Amino acid sequence: MSKTALITGISGQDGAYLAKLLLSKGYRVIGAMRRSASLALARLEYLGIARDVEPFHCELLELTNITRMIERTKPDEIYNLAAQSFVSASFDQPIFTVEVTGLGAVRLLEAIRLINPGARFYQASTSEMFGNASRSPQDENTPFRPRSPYGIAKLMAHNFAVNYREAYRMFCTSGILFNHESPLRGREFVTRRITVGLAEVKHGHRGHLTLGNLDARRDWGFADDYVEGMWRMLQHAEASDFVLATGAATSVRRFVEIAARQFDFDIAWSGSGTDTIGTDTKSGRVVVRIDPEHYRPAEVHDLVGSPAKAAAQLGWRHKTSVDELAVMMALEDDRRVRDGITAY
Ligand code: NDP
Ligand code: GDP
């Protein structure tokens with residue numbers, strides 16, 4: 001008999017890629033989404049699976065609808081991907097972020113404990129929990145030093161997942177994932193701001209793109225590679241914590257340079273701090289400027305992960321390099337902006 005998977009956050013980037021993977025493996029996929037989901041089915045439509053996922057309305061702030069959902073759907077595997085996931089927004093909405101990203105996971109865990117404790121549970125943890133990391137690369141044993149309300153809320157959820165594993169012997173696995181992107185990434189994240197922004201400059205919709213800290217470094221992978229790791233974690237014999245990462249960090253500045261080449265811009269940088277500008281050497285046109293609005297009250301400057309445990313125990317490794325990722329995203333946003341597609 002086919003297994004049933006429940007995915008919270010189905011309307012988000014990872015929800016879409018994970019649903020596609022699980023459907024290809026013969027799962028029945030229940031997609032939990034808010035009634036007011038921002039993109040509802042758009043990402044599922046993009047991947048051609050909108051009709052194959054069974055929607056279930058669920059708000060993580062509300063315990064009763066979570067318990068009803070677990071009772072009615074009786075999932076074998078539950079992937080908790082729902083979150084207020086944008087670090088910047090978490091500084092403006094710390095309480096809401098804790099309610100959704102932190103306590104939302106606790107509500108879900110309590111419902112599973114009471115109704116369906118045999119289900120396997122995946123918690124979408126994040127490298128943001130390492131924050132101002134004391135060592136590099138970060139792995140499952142690196143101390144957590146979160147720097148944002150988002151990181152703190154995620155660490156709360158992570159600790160609860162570990163606690164339910166230890167206290168109740170539930171199969172609760174935490175995937176500590178480094179940044180992963182795709183053409184379906186939310187537009188507020190820096191990779192997508194870069195590829196959409198450059199496409200809009202190229203097609204004449206705006207004069208230049210504004211960014212914040214160009215020197216931040218992230219370990220960027222492709223979301224489609226990472227959802228495969230999530231699934232492998234829940235097939236593993238034991239629940240545990242696993243880092244998924246590429247093992248290489250790239251600066252925002254370099255991501256701009258790679259993506260820009262796809263738009264026929266050759267970026268040269270000049271100035272410093274908020275006066276930094278990125279100029280296209282071919283046309284002499286200023287393509288990138290800094291807007292301090294995009295700076296954060298506390299920044300995580302440098303994250304890079306070691307996926308050694310996932311490689312050894314799950315046989316997982318990333319397939320897509322950051323260069324391939326940037327090119328893929330740039331080409332897709334070039335096409336979308338050219339054709340006036342704004343759905344994602
Ligand atoms: P997205 O922001 O694209 O998706 C988040 C999802 O959560 C959306 O479907 C959103 O629905 C849903 N959601 C938000 N608030 C609620 C709520 N109150 N009740 C129910 N659902 C809600 O994130 P990603 O797909 O990129 O990431 C998936 C998960 O992995 C997130 O938890 C994220 O924090 C975590 N993560 C992501 C990383 C990355 O680089 N992408 C790295 C490490 C961890 P709606 O459409 O209604 O807003
Ligand atoms: P995060 O790692 O989850 O915070 O993912 P983001 O994509 O939001 O940000 C990654 C890094 O890019 C952070 O260090 C940001 O400070 C930096 N950054 C620089 N400019 C921007 C920008 O314009 N938007 C965003 N979102 N981040 C930016």
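Here are the numbers for the structure shown:
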quantity: Complete set of residues in segment 27-44 that are more than 16 Å from residue 82 (Cβ to Cβ) and either in a helix (DSSP H, G or I) or open to solvent by 40 Å² or more (accessible area, probe 1.4 Å) (or both); calculated: 28, 42
quantity: Any chance residue 99 is away from ligand 2 (no atom under 16 Å from the Cβ) and either out of contact with any Gly (no Cβ under 7 Å at 6 or more places or on another chain) or open to solvent by less than 40 Å² (accessible area, probe 1.4 Å) (or both); calculated: yes
quantity: Of all residues making up segment 188-228, the number that are closer than 24 Å to residue 296 by Cα and either without any contact (Cβ under 8 Å) to a residue 40 or more places away in the chain or in a helix (DSSP H, G or I) (or both); calculated: 9
quantity: Test set (1) closer than 20 Å to residue 123 by Cα; (2) among the acidic types (Asp, Glu); (3) free of Cβ contacts under 8 Å to residues at least 24 places away in the same chain - residue 241 fails condition number; calculated: (3)
quantity: Any chance residue 47 is under 20 Å from the mean Cα position of the chain (by Cα), within 16 Å of ligand 2 (Cβ to nearest atom), open to solvent by 20 Å² or more (accessible area, probe 1.4 Å) and modelled with pLDDT of 95 or more; calculated: no
quantity: Test result for residue 90, within 11 Å of ligand 1 (Cβ to nearest atom) and open to solvent by 40 Å² or more (accessible area, probe 1.4 Å); calculated: no
quantity: Residue tally, condition open to solvent by 40 Å² or more (accessible area, probe 1.4 Å), touching a strand residue (DSSP E or B) at 6+ places or on another chain (Cβ under 8 Å) and more than 10 Å from ligand 2 (Cβ to nearest atom), over segment 287-307; calculated: 1
quantity: Single residue of 218, 232, 206 found to be open to solvent by 10 Å² or more (accessible area, probe 1.4 Å), over 12 Å from the mean Cα position of the chain (by Cα), within 13 Å of ligand 2 (Cβ to nearest atom) and not hydroxyl-bearing (Ser, Thr, Tyr); calculated: 218
quantity: Some residue of segment 95-116 being in the same structural domain as residue 12 (by TED's automatic domain parsing) and on the phi > 0 side of the Ramachandran plot; calculated: no
quantity: Extreme residue, surrounded by the most Cβ atoms within 10 Å (Cβ to Cβ), among residues of segment 262-280 that are assigned to a helix (DSSP H, G or I) and free of Cβ contacts under 8 Å to residues at least 40 places away in the same chain; calculated: 274
quantity: Odd one out for residue 238 among (1) in contact with a strand residue (DSSP E or B) (Cβ under 7 Å, 6 or more places away or on another chain); (2) part of a loop (DSSP other than H, G, I, E, B); (3) outside the structural domain of residue 333 (by TED's automatic domain parsing); calculated: (1)
quantity: Any helices (runs of 4 or more DSSP H) falling wholly within segment 63-166 and containing at least 3 residues that are closer than 25 Å to residue 219 by Cα, touching a Ser or Thr at 6+ places or on another chain (Cβ under 9 Å) and at pLDDT 95 or above; calculated: 87-92
quantity: Selected residue (criterion: farthest from residue 341 (Cα to Cα)) from residues of segment 27-74 that are of a type in the set (Val, Ile, Thr) and touching a residue at least 40 places away in the same chain (Cβ under 8 Å); calculated: 67
quantity: Yes/no for residue 124 being over 20 Å from residue 92 (Cα atoms), open to solvent by 10 Å² or more (accessible area, probe 1.4 Å), touching a residue at least 24 places away in the same chain (Cβ under 8 Å) and in the same structural domain as residue 99 (by TED's automatic domain parsing); calculated: yes
quantity: Unmet criterion (only one of (1) surrounded by fewer than 24 Cβ atoms within 10 Å (Cβ to Cβ); (2) more than 19 Å from the chain's Cα centre (by Cα)) for residue 188; calculated: (2)
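The values are calculated or read from the model by the stated rules, or taken from the named source; none is laboratory data. All values derive from a computational prediction rather than experimental measurement. FYI the Cβ positions are ideal-geometry reconstructions off the backbone, even for glycines, and counts take in every protein chain you see. Surface accessibility is based on the protein's heavy atoms, side chains included, excluding ligands, DNA and RNA. Shrake-Rupley method; radii C 1.70, N 1.55, O 1.52, S 1.80 Å.
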